[in-house]
Amino acid sequence: MSLTPEKIRSDIAELLGCDPAELTPETELTDLGLDSMRIMGLVEQWRSEGADTLEYADLAEQPNLGHWTKILSGNTL
């Protein structure tokens, strides 16, 4: 899988229009304006990049960067 912690952070920051450095593992992404449609877009994007089994619920139930990074890359930031 090509999803590194840096790539995940960068993809989210690009979608939110912020600097990746502003995103910490504790950042609640919905507080920054990430809504369900954007989460679905990320799910589709990341599936196409190798996260074949990723589901919307995997991200929506705990929308913070640290959790998403752990799910997608097996790493923490």
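The values are calculated or read from the model by the stated rules, or taken from the named source; none is laboratory data. From a predicted model like this one, the values you see are computed outputs, not experimental measurements. Here the Cβ is made from the backbone with ideal geometry for all residues, glycine too, and neighbour counts use every protein chain on show. Surface areas here come from the heavy atoms of the whole protein model, side chains and all, with no ligands, DNA or RNA. Shrake-Rupley method; radii C 1.70, N 1.55, O 1.52, S 1.80 Å.
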Considering only residues that are closer than 17 Å to HIS67 by Cα, assigned to a loop (DSSP other than H, G, I, E, B) and either out of contact with any Lys or Arg (no Cβ under 6 Å at 6 or more places or on another chain) or free of Cβ contacts under 8 Å to residues at least 12 places away in the same chain (or both), which ones fall in segment 2-53?
LEU3, THR4, THR24, PRO25, GLU26, THR27, LEU34, ASP35, ALA51, THR53
Taking only pairs six or more apart or across chains, which ones have beta-carbon atoms under 6 Å, a first residue in segment 54-67 that is free of Cβ contacts under 8 Å to residues at least 40 places away in the same chain and within 14 Å of THR27 (Cα to Cα), and a second residue that is in a helix (DSSP H, G or I) and open to solvent by 40 Å² or more (accessible area, probe 1.4 Å)?
PRO63/THR30
Among the listed residues ASP19, ASP52, identify the single one that is more than 16 Å from PRO63 (Cα to Cα) and either at pLDDT 95 or above or in contact with a helix residue (DSSP H, G or I) (Cβ under 9 Å, 6 or more places away or on another chain) (or both).
ASP19
